[in-house]
Structure formats: structure tokens, C-alpha cells
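Read through the structure below, which is laid out as C-alpha cells, and then see the notes.
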Amino acid sequence: YEVTEDLWQDSKMFRVVIRLRPLLGHETSQGDVVAVKPHEDGKTVEFSAKALAVGTVSLTFDSCVSGALTQDEFFPKSGVIPLLKAFIGGSNVTVMAYGQTGSG
């Protein structure tokens, strides 16, 4: 799934694009398993873990990108490029990135 400039043309004020990270080597060696899996639609993620008392939970975002992508592959899919173009054109924009330290 790729975020296109057309997606940013409508009146929606907020976009949420998430990137799932793969397990790290030490997590795999400990026997950890992936608890968050992307859906084929490129927008929905499914949380399923023993720690979730409610079982499986699905959430939908504007885009969900695989953690298997490199930074160079992810950037064009992130939706930031149209925002940068809008900023250069004089619009006010905000890009917020959040993630656990060391997660990518």
C-alpha cells in the first residue's frame, strides 16, 4: 500500500500511518512471537497476545506499513513527501513520529 498525493487532497485533517517493526534477534531467540500483524488491506492491524484479556483486537489506520521495509523504502510510503511539498508551498504542517527508543 502506498500513500499517494491524492489521499492528502481531501478535507481530513489527521492521518495516521503506522510502521510495524519486526522482532529483534534477541526477541526471537527468547521465543517471543509477533503480537501485531498487518491485514491484507494495508490499513488494519490485528493485535493478538496472551496478555490481552479481550482476545484479538483489530484497529484501522490510514495506512499500515510492514516493518520489513528499510528506511529508504518506508519514507515514500509514509505520506511525508506531500506534506513537505505543502510546507514548501506555504502551508502549516506537522509530522509527529513516535516509537520506542531503538525500535527503528
Asp72: accessible area at probe 1.4 Å, nearest 10 Å²? 130
Modelling each spin label as a point 7 Å along the Cα-to-Cβ direction, I'd like the Glu46/Lys85 distance in nm, to one decimal. 3.5
Sorted by chain and number, the residues with a modelled amide H under 5 Å from that of Arg19, at a separation of 5 or more or across chains, are Val65
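The values are calculated or read from the model by the stated rules, or taken from the named source; none is laboratory data. All of these numbers come straight from a predicted model, not from anything done at the bench. All Cβ positions, glycine included, derive from the backbone under ideal geometry; neighbour counts span all protein chains shown. Note: areas computed on protein heavy atoms with side chains; ligands, DNA, RNA excluded. Shrake-Rupley method; radii C 1.70, N 1.55, O 1.52, S 1.80 Å.
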